[in-house]
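> Got a structure for you, questions after.
The values are calculated or read from the model by the stated rules, or taken from the named source; none is laboratory data. Everything numeric here is computed off the predicted structure, so don't read it as measured data. Every residue, glycine among them, receives a Cβ derived from its backbone with ideal geometry; neighbour counts consider all protein chains shown. Protein only, heavy atoms only, side chains kept; ligands, DNA and RNA dropped before computing areas. Shrake-Rupley method; radii C 1.70, N 1.55, O 1.52, S 1.80 Å.
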Amino acid sequence: MKKILYFLLVFTFGLSGCEKDDICDANTPTTPRLIISFYDIKTPSVKKNVTRLKVVGKDQPEGIIFNEGGADITKYLTSGDSIAIPLKTDEDSTTFSFILNSDNTNPELANTDQITFNYSRQNVYVSRACGFKTIYKLNTQIPFVKIDSGNDGIWMQDVRVYNPNIEFENETHVKVFF
């Protein structure tokens, strides 16, 4: 009887030392991306699709991938009414070039505007499996700086901050009117 009791005692302590696997669930919110929605300048309440938009970070050789399964050129293009772009987690500003009609055979029809987003960062603990995530708050004084980087004219006629707190990806943070 003592052997069975000893065996059960050792077995119970052995099981209590086990831990569940530390795997971050894919549904766990991690560092959010900046959500930009595009609107018609003539009717500001109506969303408008961009045409073959390519977004490239400053000093980056490639654009942001919007279509994982796309060919080499098309994986960087989107034609939707909203995009999600990542912000830097180690700096307080990120610069992107937004190239409308980027794959047009006539380079004069491609139009580039550049925006620098200024923000503050805060690291928030998610879990032991997922670690930390960074949340952002767009600067209230100068949330962005927009410049036209060419002779092709400004295609983004108005840029407005809709929600300066970037904590989730299910809401629009910036609205662009064109």
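> Any chance you could run the full-extension gain for K146 through K47? It's 0.36 nm times the residue separation minus the Cα-Cα distance, nm to one decimal.
33.6 nm is the gain from fully extending K146 to K47.
> What FRET efficiency would be calculated for the residue pair D92, N170, taking the C-beta separation as r and a Förster radius of 25 Å, to the nearest 0.05?
After rounding, the FRET efficiency stands at 0.55.
> Apply the Karplus parameterisation 6.51 cos²θ - 1.76 cosθ + 1.60, with θ equal to phi minus 60°, to every residue of the stretch 108-125 and state each ³J(HN,Hα) to the nearest whole Hz, in sequence, with x for glycine and proline.
3J(HN,Hα) across the stretch 108-125, in whole Hz: 6, 7, 6, 10, 10, 10, 10, 10, 10, 8, 10, 7, 10, 10, 9, 8, 10, 6.
> In Å², what does the accessible area per residue of the chain work out to with a 1.4 Å probe?
With the other protein chains kept in place, the chain gives 64 Å² per residue.
> Given a 10 angstrom Cα cut-off, can you work out which residue in T105, T78, T140 is the most mobile in a GNM of the chain?
Top of the fluctuation ranking is T105.
> I would also like to ask the following. In sequence order, what are the phi-derived ³J(HN,Hα) couplings for the stretch 135-140 according to the Karplus relation 6.51 cos²θ - 1.76 cosθ + 1.60 with θ = phi - 60°, rounded to whole Hz, with x for glycine and proline?
10, 10, 9, 4, 4, 6
> What translational diffusion coefficient, in µm²/s and rounded to a whole number, does the Stokes-Einstein relation yield for the chain at 37 °C and a viscosity of 0.692 mPa s, taking the hydrodynamic radius as the Kirkwood radius over Cα pairs?
173 µm²/s
> Can you send over the solvent-accessible area of R33, 1.4 Å probe, protein chains only, in Å² to the nearest 10?
Counting only protein heavy atoms, the figure is 100 Å².
> Right, here's the next one. For the residue pair E68 and Q122, what label-to-label distance in nm results when each label sits 7 Å from Cα along the Cα-to-beta-carbon direction?
3.1 nm
> OK, next. How far apart, in nanometres, would the label points at T28 and K137 be if each is projected 7 angstrom from Cα along the Cα-to-Cβ direction?
If labels sit at T28 and K137, their model points lie 2.5 nm apart.
> Hey, what number do you get for the chain at 222 nm if only DSSP H runs of n ≥ 4 count, each worth -39500 (n - 2.57), divided across all residues, to the nearest 500?
Calculated from helices alone, the mean residue ellipticity at 222 nm is -3000 deg cm²/dmol.
> Now for a different question. Please report how many Lys pairs in the stretch 22-143 have alpha carbons closer than 24 angstrom, counting only residues at least 8 apart along the chain or sitting on separate chains.
So the count of such lysine pairs works out to 12.
> Another question about this same structure. List the residues, sorted by chain then number, that are 5 or more residues from V126 or on another chain and whose placed amide H is less than 5 Å from its amide H.
Counting only residues 5 or more places away or on other chains, the set is G131, F132, K133.
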